[in-house]
1. Among Ser232, Ser280, Ser254, Ser222, which is the only one that is open to solvent by 10 Å² or more (accessible area, probe 1.4 Å) and closer than 24 Å to Thr364 by Cβ?
2. Given the criteria β-branched (Val, Ile, Thr) and either over 22 Å from Gly343 (Cα atoms) or assigned to a loop (DSSP other than H, G, I, E, B) (or both), does Val139 qualify?
3. Exactly one condition in (1) within 28 Å of Trp157 (Cβ to Cβ); (2) touching a Lys or Arg at 6+ places or on another chain (Cβ under 8 Å) is not met by His116; state its number.
4. Return the residue satisfying two criteria in turn: it lies in the range 343-382 and is surrounded by fewer than 21 Cβ atoms within 10 Å (Cβ to Cβ) and of a type in the set (Ser, Thr, Tyr), and of such residues it is farthest from Arg211 (Cα to Cα).
5. For Val286, are the conditions met, namely being among the β-branched types (Val, Ile, Thr), open to solvent by less than 30 Å² (accessible area, probe 1.4 Å) and farther than 23 Å from Val22 by Cβ?
6. What do you reckon, is Phe105 open to solvent by less than 40 Å² (accessible area, probe 1.4 Å), at pLDDT 90 or above and more than 16 Å from Val228 (Cβ to Cβ)?
7. Could you tell me whether any residue of the range 332-341 is assigned to a helix (DSSP H, G or I) and within 26 Å of Ile242 (Cβ to Cβ)?
Amino acid sequence: MRWGIVVFLFLGMVINFADKMVAGYAAVPIMEEFNLTYTQWGLLSSSFFWLFMISGIFGSAFSDRIGTRNLLTIMLLAWSVIQSGAFLVTGLYGLIIMRVALGAFEGPYSPTSNNHVSKWFPPERLSFAISIVNAGGAVGSMICAPLLVLGIQELGWRHTFGILGAISLAWVVMWIWLGKDKPVSENAGKTEVKTMPKLKWSETYPVLLSRPFVMICLILFSTYWVLVWTQSFLPTYLVKVIHLTPTEMGYFSSILGASYVVLTILIAWYSDRLFQKHNSLRKARVMVAGIGTVLSGALYCSMTIITHPIYILIAMILAKAMVHAVFILWVSIAVSLLPERKGLILGVGTGCAQFAGIVGPVATGLIVQFAGTNEALGFNYSILFMSSLLVVTGLVFSLFCKPDAYIRKTVHHSEEVSVG
């Protein structure tokens with residue numbers, strides 16, 4: 001049954017990212033229809049994250065109370081209703097309202113799905129299972145790109161949004177029928193609400209302010225900046241700077257997504273093997289994520305020098321695989337720091353990452369527009385900024401994130417208090 005749960009959550013992630021990316025693929029027709037500038041488009045892209053971060057924190061924490069299964073049902077049902085609202089949009093402000101609402105209900109999905117998976121898999125197999133779920137992001141955002149582009153070209157962007165809403169509704173129906181909250185052996189005779197310990201802020205905030213968790217938040221911010229750049233600006237970059245046609249852009253994105261998701265799963269599998277061998281979060285999770293982030297920054301930087309489409313594709317496959325591995329590997333570290341409140345700590349970490357979604361699109365739009373009519377130069381500036389962010393945070397994370405030492409120290413302190 002646990003792999004059935006993984007399949008359900010994988011499909012939910014496909015829908016989640018298709019909802020995110022469809023606006024990016026429709027950027028050119030939407031900007032032309034409503035006569036939007038790059039700055040306005042950046043504002044619209046940013047609006048998706050205005051409540052995304054807050055809902056990600058409080059929504060996933062709330063799942064500790066009502067159950068992850070129930071929260072997942074509520075979210076997917078809301079996506080269906082909101083995406084169908086595309087037929088009512090008449091201008092920029094309508095688009096903003098729609099994207100704000102969608103972001104509010106999509107914010108908790110990633111931490112909630114990770115929390116749900118953690119109930120079904122032991123620590124030494126958790127990263128691989130989460131990598132399968134997160135692979136849905138690549139499928140929804142890139143592998144499905146030709147279908148999304150075709151829908152936008154043939155049916156229009158409004159009908160494409162509506163179709164995604166209908167798919168969300170179908171997922172909800174199947175999830176209500178087949179979805180399970182926890183393994184039966186863990187559910188027997190009790191509910192999730194009753195087993196949850198009372199939240200003590202005095203015990204929680206030191207973990208949230210600890211150096212390992214602060215390092216996690218930093219690296220999540222920089223890697224999420226890449227995700228947001230891909231979501232909001234990659235399609236336009238490929239069409240206007242690399243000079244691909246919309247159809248070629250769709251196939252480019254599909255190949256990119258199919259390739260990097262395989263590499264991401266391999267990285268997660270390798271990290272699990274390291275953890276089984278060393279039983280060390282630093283060796284298996286921190287160093288793999290940190291070094292990968294530095295290398296991905298260097299690859300993105302090289303794209304401003306070598307602009308051949310084939311090189312861009314190869315560089316982005318490698319870079320995105322290492323970036324997306326971070327979204328998988330941090331989960332094991334975080335739940336080890338605060339196992340009693342997985343929903344809370346995963347929500348806070350995700351919320352810190354999603355702050356990049358608020359500032360990233362606006363900053364990128366301003367950077368691109370700052371270059372004036374030279375769009376290629378503007379996009380290169382935005383890539384250089386992004387790559388610098390990755391290199392710096394990757395180095396800091398690798399040097400200063402030491403979760404094993406922090407956990408040993410915390411356990412030792414708790415034992416001393418108990419004895420005292």
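1. Details: Ser232 fails: open to solvent by 10 Å² or more (accessible area, probe 1.4 Å); Ser280 fails: closer than 24 Å to Thr364 by Cβ; Ser222 fails: open to solvent by 10 Å² or more (accessible area, probe 1.4 Å).
It is Ser254.
2. On the way: β-branched (Val, Ile, Thr): yes; either over 22 Å from Gly343 (Cα atoms) or assigned to a loop (DSSP other than H, G, I, E, B) (or both): yes.
Against the criterion (β-branched (Val, Ile, Thr) and either over 22 Å from Gly343 (Cα atoms) or assigned to a loop (DSSP other than H, G, I, E, B) (or both)), Val139 qualifies.
3. Unmet for His116, out of (1) within 28 Å of Trp157 (Cβ to Cβ); (2) touching a Lys or Arg at 6+ places or on another chain (Cβ under 8 Å): (1).
4. Thr373
5. Numbers: among the β-branched types (Val, Ile, Thr): yes; open to solvent by less than 30 Å² (accessible area, probe 1.4 Å): yes; farther than 23 Å from Val22 by Cβ: yes.
In short, yes.
6. Numbers: open to solvent by less than 40 Å² (accessible area, probe 1.4 Å): no; at pLDDT 90 or above: yes; more than 16 Å from Val228 (Cβ to Cβ): yes.
No, not satisfied.
7. Residues of the range 332-341 that are assigned to a helix (DSSP H, G or I), as a first pass: 332-337, 339-341.
From what's left, within 26 Å of Ile242 (Cβ to Cβ): none.
No; the residues of the range 332-341 include none that is assigned to a helix (DSSP H, G or I) and within 26 Å of Ile242 (Cβ to Cβ).
This table checks each residue for (1) touching a residue at least 40 places away in the same chain (Cβ under 8 Å); (2) assigned to a helix (DSSP H, G or I); (3) not aromatic (Phe, Trp, Tyr).
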site: Thr307; (1), (2), (3): yes, no, yes
site: Ala321; (1), (2), (3): yes, yes, yes
site: His324; (1), (2), (3): yes, yes, yes
site: Val348; (1), (2), (3): yes, yes, yes
site: Gln354; (1), (2), (3): yes, yes, yes
site: Tyr381; (1), (2), (3): no, yes, no
site: Leu384; (1), (2), (3): yes, yes, yes
site: Ser398; (1), (2), (3): yes, yes, yes
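The values are calculated or read from the model by the stated rules, or taken from the named source; none is laboratory data. Only a predicted model underlies this, so the values are computations on that prediction, with no experimental measurement involved. Cβ: placed from backbone, ideal geometry, glycine included. Neighbour counts: every protein chain shown. Accessible surface is based on the protein model in full, side chains and every heavy atom, while ligands, DNA and RNA are left aside. Shrake-Rupley method; radii C 1.70, N 1.55, O 1.52, S 1.80 Å.
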